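Reading through the structure tokens given below for one structure.
Just so it is clear, none of the values below were taken in a lab; they were calculated from the coordinates. Values in this document were obtained by computation on a predicted structure and should not be read as measured data. Positions of Cβ are backbone-derived with ideal geometry, glycine not excepted, and every protein chain shown enters the neighbour counts.
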Protein chains: 4
Amino acid sequence: MKGALELFARKGYHSTKISDVVKSAGVSQGTFYWYFPSKEKLAIDLIEEGREKLRKVIEQGYRKHAGTVDDMIHSSARLLTDLFEFADENRYLMALLLIKGQGTDPPVQEAVSQTWIAFEEAFKGNVARAIELGMLPGSKDLNIRVNILVALFTGVLSKWLFGPMHDVDFQSPYTSSEMAEETARFEIRGLLGS
Amino acid sequence: MKGALELFARKGYHSTKISDVVKSAGVSQGTFYWYFPSKEKLAIDLIEEGREKLRKVIEQGYRKHAGTVDDMIHSSARLLTDLFEFADENRYLMALLLIKGQGTDPPVQEAVSQTWIAFEEAFKGNVARAIELGMLPGSKDLNIRVNILVALFTGVLSKWLFGPMHDVDFQSPYTSSEMAEETARFEIRGLLGS
Amino acid sequence: MKGALELFARKGYHSTKISDVVKSAGVSQGTFYWYFPSKEKLAIDLIEEGREKLRKVIEQGYRKHAGTVDDMIHSSARLLTDLFEFADENRYLMALLLIKGQGTDPPVQEAVSQTWIAFEEAFKGNVARAIELGMLPGSKDLNIRVNILVALFTGVLSKWLFGPMHDVDFQSPYTSSEMAEETARFEIRGLLGS
Amino acid sequence: MKGALELFARKGYHSTKISDVVKSAGVSQGTFYWYFPSKEKLAIDLIEEGREKLRKVIEQGYRKHAGTVDDMIHSSARLLTDLFEFADENRYLMALLLIKGQGTDPPVQEAVSQTWIAFEEAFKGNVARAIELGMLPGSKDLNIRVNILVALFTGVLSKWLFGPMHDVDFQSPYTSSEMAEETARFEIRGLLGS
DNA sequence: AATGAATGAGAGTTCATTCAT
DNA sequence: CATGAATGAACTCTCATTCAT
């Protein structure tokens, strides 16, 4: 049922019919229900599978040593490049998580939301570590910082992957590392940073 | 058909039935089709109406004079506060634009996408003006900067309005101006800015 | 949806498809769901409607005066004749209540069972009245008597209506009043009665 | 496939799935179809097996000598006690025969009906013998008498076993012999009998 | 003998849309 | 302008049966 992810990504959850899914898999409708109890469960399974893969990517970016501002930018850019490359290789998953997962039924939406909560948690670990190492100013409120950070990353990622029209086949003029560097510079120095 | 916006925002496009819409409006099913040719057109009308209102808010923020870095932060914070307040007063519209508009049929999605393109255009004007006034370093690529900026704003806005679970009734612990200031500081100075 | 009763009676609940029902009614499948929320509710409605009609027949038989044994037999025979004639005129209803209502889903079965409980209650009133008038020996246990009585009546009714093979179109060689009289004599005097 | 009888009795024929049957038997779906050509045949086999056991119980009651009225009552009560006890020990079979076998497909119903025809035939032998012995008044119509008798017995049996709600686990407050005696007295003397 | 994955016809139900009044 | 009954195509899901192994 691998093709299902592409179908969900392209047509959305509701517009993807079980008949489309089984056609793409080359099996009969009945066979689908031998493997999955429902369409909903299929979507949730795909999302949860993707959640674990995504989590791993971010956790690899865990910061180990202190360094200069440029070190920070490069370190962040490296993590973002990994993330962008993973996302590019898993466009259908990302389309479901970033875009199409929304107009679905509550249990599927919940699975999507939990994925972003997990994503944010993984980042919170990274930022807390950076503060601990004295690389970032301690803030009275870590959460709001991470909120903003994650909003920045997912927003940029979404635009880079799918463009302004949310086109699954969109190709950004920027490479993943160009985009990652620009984003990391913005992240660390804001609009003013050269 | 004002209640329809709330229904779309709460239940999503596909889960909102025409029967729900007419019940909330107190008219008959037949009457709906006297005013609207289809469910799709209703959604698109609502989105386009909101698009104009949203555009006006951003255009009011058009920057007029140069100033210090703190002036820039305050100026940006003021615009963001306006935006956040408008969004808070139009939660159902924003839910449709930021979240629920996604998993729908192509023509509705197109209307949503066009709204964000208009939003980005309006911001691009603001940033270009700031560069013109010498407040921001000219960049080889204005688009990428604005892309990142808009990704930041819409991402922060979405989290502030609806929280991690995309709950239409979510109430952030931060006021609109707190959130706007924190975002503006991040925007101008990045994570390093005090 | 009057034809539905006949369909249920002839084919049984599960073998009667909504498509059969709407064909017999000359409407579209969608129209069915305008009038009934489900197939189950249709069956329950038909049963409950029949329950009330059946109850009325029995309650008309309420005994008013005392009399001889032959009076009792005639009085009982009159009630049974009414019952048998009603049943004959409502064969499809009776088939559903006596036979086909069994192999259905719990809520439908419950509706059938409640009908027979109501039937028994109505008879209990009649027997209690006869004891009160001194026509029947008071019994330590009215319930068991009425149980046996109702078992006798429904059993005889079922055989007379549908024969040994439960054929909805069965025609007994006995008229309703012949059958009623024989049953009433058995009821009052048992096998020994002449 | 012994558990199948219980499943049919509890859930009815249509609601009992082959997957339920094989689960209860601890074999695979494929194995079922090695032993039985169809679900229908399984049900019919179970019914026909039960039919023979039931027939034996009644034939044991074959009356041998003449006697007083009280002898007749006791003799009949003894047979009924045997019947009730057999039924109690074979509740699932009786549930299928008396209740759940009804709303099924024609071939299964036919098997059930044939069982009751056999049951009636066996009783007819008993009654004819009693008339022959001068214990019962000869009747112009033996059939109608036996009809009524069998209706009485099966109706009483059904209520005693399963109660008004057709509950397979129902427990009557009366013992089998109490119920048998009361029924036999009614059979011989009717409501008037002391 | 036995498995369990695979099948496909068909079930009940939904719902945007239409239309006679 | 307004109604609400009527439509029918399409959907998800079920399950007795089959079949390669």
Around D:Ala4, what is the net charge, scoring Lys/Arg as +1 and Asp/Glu as -1 over all other residues with Cβ under 13 Å from its Cβ?
+3
Rounded to the nearest 500, what is the 222 nm mean residue ellipticity of the protein assembly as shown from helices alone, with -39500 (n - 2.57) per DSSP H run of 4+ residues and division by all residues?
-22500 deg cm²/dmol
Along Cα→Cβ, 7 Å out, is where each label goes; now give me the distance between the ones at B:Glu121 and C:Ser177 in nm to one decimal.
9.2
For segment A:97-104, just list the computed ³J(HN,Hα) in residue order, Karplus coefficients 6.51, -1.76 and 1.60, θ = phi - 60°, integers in Hz, with x standing in for Gly and Pro.
6, 8, 10, 6, x, 6, x, 10
quick shape note, segment B:43-192: Cα extents on principal axes in Å, largest first -> 43, 33, 24
According to the square roots a ≥ b ≥ c of the eigenvalues of the Cα gyration tensor, what is the shape class of the protein assembly as shown, taking rounded for a/c under 1.5, prolate for a/b larger than b/c otherwise, and oblate for the remainder?
prolate
Among residues other than A:Glu48 whose Cβ falls under 14 Å from its Cβ, what is the net charge (Lys/Arg +1, Asp/Glu -1)?
0
Along segment D:160-165, what does the Karplus equation 6.51 cos²θ - 1.76 cosθ + 1.60 (θ = phi - 60°) give for ³J(HN,Hα), rounded to whole Hz, x for Gly and Pro?
5, 6, 10, x, x, 9
Radius 10 Å from Cβ of B:Asp105, net charge of other residues (Lys, Arg +1; Asp, Glu -1):
0
I want to check a number: in segment A:43-192, how many lysine pairs have alpha carbons closer than 20 Å, given a sequence separation of 8 or more or different chains?
7
Can you work out ³J(HN,Hα) from phi for every residue in segment B:123-137, in order, using Karplus 6.51 cos²θ - 1.76 cosθ + 1.60 and θ = phi - 60°, giving whole Hz and x for Gly and Pro?
6, 4, x, 4, 5, 4, 4, 5, 5, 4, 7, x, 7, 10, x
Distance in nm between label sites at B:Met165 and A:Ser24, each 7 Å beyond Cα in the beta-carbon direction?
3.0
Within segment D:1-16, the residues whose backbone N lies under 16 Å from a label point placed 7 Å from the Cα of C:Glu40 along the Cα-to-Cβ direction are D:11-12, D:14-16
